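The values are calculated or read from the model by the stated rules, or taken from the named source; none is laboratory data. This one's a predicted model, so the numbers in the text were calculated from it and none came from an experiment. As a convention, Cβ positions derive from the backbone with ideal geometry for all residues, glycine included, and neighbour counts pool all protein chains shown. Only protein heavy atoms, including side chains, enter the accessible area calculation; ligands, DNA and RNA are left aside. Shrake-Rupley method; radii C 1.70, N 1.55, O 1.52, S 1.80 Å.
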Amino acid sequence: MRTIEIRLADGWNYYVEYRAHQQGEGSDTLPKDRRVLVTDVVSDTFAAPVVRPPVLLVHTDADGDGPVLDVSADFEDTDPGTQMNLRVTVVSTAAHHAVVRVEYGSDGRPDPGLRTWNGPPEWKSPDIEVRNAKTAEDPARWADTPWPGNLNTVVAKVRNHGDILAKNVTCDFFVLDCSTGEIADVKFGDRLQA
């Protein structure tokens with residue numbers, strides 16, 4: 001069996017697999033023969049925001065196609081981490097294989113952004129860095145460590161994952177107090193233009 005893995009985040013993937021009945025083999029209760037199955041799978045390294053089973057069937061998309069796809073059916077979704085559009089289309093099926101087209105992209109638009117936060121223990125995007133006199137003096141020991149009461153510089157690496165050039169992009173910096181869930185009314189530095 002061959003499977004397509006679509007990475008959503010570390011430890012969180014969609015899997016696309018072909019299911020065809022084989023003589024003498026048992027099966028699960030999924031409907032019909034010669035279908036492409038799309039599942040939503042998390043592993044131990046991914047911390048889901050809610051408790052969920054490690055393997056789920058993907059949801060039914062806007063045009064009514066769900067996790068079990070026949071020829072010409074397609075599953076469409078938006079990657080939560082990158083906001084890129086995903087489309088999995090079944091082109092054809094045969095006794096021992098299926099032809100599946102996977103399209104993943106921003107559909108001809110710019111898509112600037114940061115990578116999402118990585119969960120514990122850092123709870124921050126790898127594209128955001130804190131710099132100060134301590135980090136400059138001893139980067140091996142103090143890299144990316146805020147220094148309370150002293151000048152700290154926040155550096156954000158904004159990347160364009162889109163298909164066309166992103167022009168006149170503005171970046172604002174805000175503080176989020178994680179204990180309250182409220183965005184503080186504090187801005188650091190000036191607006192940056194790219």
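Key figures for this structure:
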read-out: Scan of region 139-152 for residues that are surrounded by 10 or more Cβ atoms within 10 Å (Cβ to Cβ) and in a loop (DSSP other than H, G, I, E, B), ordered by number; value: 143, 144, 145, 146, 147, 152
read-out: Counted residues, region 56-78 - those being under 16 Å from residue 41 (Cβ atoms), surrounded by 17 or more Cβ atoms within 10 Å (Cβ to Cβ) and not β-branched (Val, Ile, Thr); value: 3
read-out: Conditions (1) hydroxyl-bearing (Ser, Thr, Tyr); (2) assigned to a loop (DSSP other than H, G, I, E, B); (3) at negative phi; number of the one not met by residue 72; value: (3)
read-out: Any hit, region 107-121, residues being open to solvent by 80 Å² or more (accessible area, probe 1.4 Å), of a type in the set (Asp, Glu) and either modelled with pLDDT of 90 or more or more than 30 Å from residue 165 (Cα to Cα) (or both); value: no
read-out: Members of region 153-190 found to be at pLDDT below 50, in contact with a Phe, Trp or Tyr (Cβ under 9 Å, 6 or more places away or on another chain) and either assigned to a strand (DSSP E or B) or not aromatic (Phe, Trp, Tyr) (or both), listed by number; value: 183, 184, 185, 186, 187, 189
read-out: Selection count, region 79-101, where residues are within 17 Å of residue 4 (Cα to Cα) and either at pLDDT below 90 or open to solvent by less than 60 Å² (accessible area, probe 1.4 Å) (or both); value: 12
read-out: Residue pairs meeting the criteria (Cβ under 8 Å; at least 6 apart or on separate chains; first over 22 Å from residue 113 (Cα atoms) and free of Cβ contacts under 8 Å to residues at least 60 places away in the same chain, in region 145-159; second of a type in the set (Gly, Ala, Ser) and open to solvent by 60 Å² or more (accessible area, probe 1.4 Å)); value: 147/133; 150/133; 151/133
read-out: Count of region 116-138 residues which are among the aliphatic types (A, V, I, L, M) and in a helix (DSSP H, G or I); value: 2
